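See below for the structure under consideration.
The values are calculated or read from the model by the stated rules, or taken from the named source; none is laboratory data. None of the values given here were measured: they were computed from a predicted structure. Cβ sites come from the backbone with ideal geometry, for glycine too, and all protein chains shown count toward neighbours. Each accessible area value is taken on the protein alone, full model and side chains, heavy atoms only, with ligands, DNA and RNA left out. Shrake-Rupley method; radii C 1.70, N 1.55, O 1.52, S 1.80 Å.
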Amino acid sequence: MNELREARAEPGPLFEAVGAALKREIASGRFAGLDVLPGERELSELLMVSRTTLRRAIAGLVEEGVLFHRHGAGTFVRRKAPHVEQALSRLTSFTEDMRSRGLAASSREIERGVFLPTPEEAMMLGGSPRESVFRLERLRLADGVPMAMERAVVPTRFLPDPSRVGDSLYAALESEGWRPVRALQRLRAVVVGAAEAALLEVPEGSAALDIHRIAYLADGRCVEYTRSFYRSDTYDFVAELTLSGSSA
Ligand code: 16G
């Protein structure tokens with residue numbers, strides 16, 4: 001931490017110099033395998049600065065998005081998220097998308113169970129409000145970095161045994177013979193609130209894509225309604241456009 005100590009010699013307010021030095025350390029990969037920053041006491045002793053100065057330096061880096069707080073767990077270094085280009089014309093699953101890019105897909109489950117649909121879900125699925133749905137809300141990660149939050153609902157008649165849904169919802173639907181073949185998707189830009197920001201590990205107020213997907217079987221029945229929030233810094237959705245009436 002010699003470099004951090006040298007921060008004291010830099011001109012300007014001390015907390016800014018400490019912040020800049022911490023940033024250099026992070027960029028050099030010092031905390032790479034660790035993710036969580038050492039505790040306040042340890043850092044302030046190493047830097048020979050007061051806890052107040054350290055706190056101001058850390059607050060500045062949180063504002064810049066270099067660090068983030070996780071309630072009750074400490075201050076973490078924001079990991080660099082993979083950047084993904086996603087064709088809007090292909091009906092693929094998150095697991096397949098990540099795998100095809102050599103990234104390891106994983107999920108953190110937030111909610112899973114069989115429920116009666118909310119009025120919005122029943123409407124989107126075009127079904128009866130009395131027909132139960134399997135609801136699965138997950139944080140989706142690529143190489144351990146949060147990319148999106150997804151809340152999927154599937155009428156239980158297509159998934160009679162939801163406990164068999166493992167890492168991939170589409171794989172489970174495929175094994176039942178109900179994999180969707182067509183989908184309508186609506187995307188719009190939103191700003192994430194505190195709860196989503198904490199899960200997605202982005203600063204509160206960051207931009208995200210709010211995506212609604214309604215997916216259908218070949219016979220036109222609706223099999224899935226999913227609402228997702230995709231981090232806008234990790235995803236580019238790419239659409240191919242052709243001249244109307246062109247045969248190409
Ligand atoms: C994608 C889909 C989502 C689908 C999920 C299945 C978008 C915007 N969303 O993330 O609707 O439920 O894939 O992924 O593309 P899984 O098979 O890995 O669970």
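Name the residues in region 128-145 that are open to solvent by less than 40 Å² (accessible area, probe 1.4 Å), of a type outside the set (Val, Ile, Thr) and farther than 18 Å from LEU217 by Cα, would you?
SER132, ARG135, LEU136, GLU137, ARG138, LEU139, ARG140, LEU141, ALA142, GLY144
Looking only at region 151-173, how many residues end up being over 20 Å from ARG140 (Cα atoms) and not in a loop (DSSP other than H, G, I, E, B)?
So the answer is 4.
Please determine whether any residue of region 108-127 is within 13 Å of the ligand (Cβ to nearest atom), of a type in the set (A, V, I, L, M, F, W, C), over 18 Å from ILE211 (Cα atoms) and open to solvent by 50 Å² or more (accessible area, probe 1.4 Å).
no
If you take the residues in region 175-190 that are surrounded by 13 or more Cβ atoms within 10 Å (Cβ to Cβ) and closer than 25 Å to VAL238 by Cβ, which one is nearest to the chain's Cα centre (by Cα)?
Ranking the qualifying residues of region 175-190, first place goes to VAL190.
If I filter region 188-196 for residues that are within 13 Å of the ligand (Cβ to nearest atom), within 22 Å of GLU121 (Cβ to Cβ) and not polar (S, T, N, Q), do I get at least one hit?
The answer is yes, given that some residue of region 188-196 is within 13 Å of the ligand (Cβ to nearest atom), within 22 Å of GLU121 (Cβ to Cβ) and not polar (S, T, N, Q).
Report yes if VAL202 is of a type in the set (Val, Ile, Thr), over 17 Å from SER93 (Cα atoms), open to solvent by less than 40 Å² (accessible area, probe 1.4 Å) and outside any helix (DSSP H, G or I), otherwise no.
Taking the combined requirement at face value, the residue satisfies it.
Mind counting the residues in region 162-204 that are within 21 Å of GLU109 (Cβ to Cβ), out of contact with any strand residue (DSSP E or B) (no Cβ under 8 Å at 6 or more places or on another chain) and of a type in the set (D, E, K, R)?
Summing the residues that are within 21 Å of GLU109 (Cβ to Cβ), out of contact with any strand residue (DSSP E or B) (no Cβ under 8 Å at 6 or more places or on another chain) and of a type in the set (D, E, K, R) in region 162-204 gives 3.
Looking only at region 70-107, filter to residues that are part of a helix (DSSP H, G or I) and without any contact (Cβ under 8 Å) to a residue 24 or more places away in the chain; which one of those is least open to solvent (accessible area, probe 1.4 Å)?
Checking each candidate, the answer is ASP97.
Any idea which residue in region 146-168 is nearest to ARG78 (Cα to Cα), counting only those that are among the aliphatic types (A, V, I, L, M) and open to solvent by less than 10 Å² (accessible area, probe 1.4 Å)?
In this case the residue turns out to be MET147.
So which of ALA152, ALA172, ALA148 is near the ligand (Cβ under 9 Å from one of its atoms) and within 13 Å of TYR225 (Cβ to Cβ)?
Exactly one residue qualifies, and that residue is ALA152.
Do any residues in region 118-130 that are free of Cβ contacts under 8 Å to residues at least 40 places away in the same chain and of a type in the set (S, T, N, Q) have Cβ atoms under 9 Å from those of residues that are open to solvent by 70 Å² or more (accessible area, probe 1.4 Å) and in a loop (DSSP other than H, G, I, E, B), where the two are at least six apart or on different chains, and which pairs are they?
Pairs that qualify, where the first residue is free of Cβ contacts under 8 Å to residues at least 40 places away in the same chain and of a type in the set (S, T, N, Q) and the partner is open to solvent by 70 Å² or more (accessible area, probe 1.4 Å) and in a loop (DSSP other than H, G, I, E, B), are THR118/PRO129.
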